[in-house]
Amino acid sequence: MVTDDSTGQPGNSMRLTRGKGLLEPFLARRRAATANRLIPIELRGGRILDIGCGSYPYFLAHTAFQAKFAIDQLPMSEDVASRLRIESHALNLNEAPKLPFDDGFFAAVTLLAVVEHLSPDSMAILFREVYRVLQAGGRVVITTPAAWSDGLLRLMARLRLVSAEEIREHVFAYSLPLIGWYFGQAGFTMQKVRFGYFELMLNLWGTADK
């Protein structure tokens, strides 16, 4: 991983978001740590798909799997994809929320700070697609800002603490019950769905096992 020598964080050529924000590196680390804790070790011998990996695939660069795949609206640089051994796909999920993979292809799928960028209709289709590409026993992990924190995030964007570009692209704020409903509509049984909060309850996480 190429880093800024003074901070140990990704350099300017590998910015984590499409805009600037003083807290973005910290938030990326927290999301990655949360997601890693939620993925069982027995799944790591398989393939992982990170949907909405961002300008730089921070999570995939800091997780261990046999094979790594990524989807984002903008294409990943060939240099980064090659160095991190990631198969990258460019896809606008609001326009085409279909995944270009076979049934049961992945042991794990992650959507970290992604679903808030999706329209409800696209979210419903994408969750069904996630269910389809997961193997039996596989797990999907999501993180998203808590619905009540939207106003606070917009204030933080004005203060340049988080990326204003990313916040402006938020389409919808999802609550835990609503995410549970989408999991159920996709085919996941509620007995295999778990939820929680992190970062002082500003963000929520959810997992569902197939």
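Overall, region 12-209 carries a charge dipole of about 540 debye about its Cα centre when +1 sits on the Cβ of Lys and Arg and -1 on the Cβ of Asp and Glu, all other atoms neutral.
Let me check against my output: what whole-number percent is the relative contact order of the chain, with C-alpha pairs under 8 Å and at least 6 apart? Across the chain, relative contact order equals 20 percent. Positive end of the dipole of region 12-209 (Cβ unit charges, origin at the Cα centre): among I48, S119, L91, the Cα lying farthest that way belongs to I48. For the pair A33 and N92, a Förster radius of 41 Å applied to the C-beta separation gives a FRET efficiency near 0.90, rounded to the nearest 0.05. For the chain, the number of Lys pairs with C-alpha atoms closer than 22 Å, counting only pairs eight or more positions apart or on separate chains, is 4.
Dividing the Cα radius of gyration by the Kirkwood radius, what Rg/Rh value follows for region 12-209?
So for region 12-209, dividing Rg by the Kirkwood Rh gives 0.93.
Between T144 and A113, L204, the built amide H atoms are under 5 Å apart, and every one of these is 5 or more places off in sequence or on another chain.
Every number in this text was worked out from the coordinates using simple rules, so none of it is lab data. Quick caveat: nothing in here was measured; it's all calculated off a predicted structure. With ideal geometry, Cβ positions are generated from the backbone for all residues, glycine too; neighbour counts draw on all protein chains shown.
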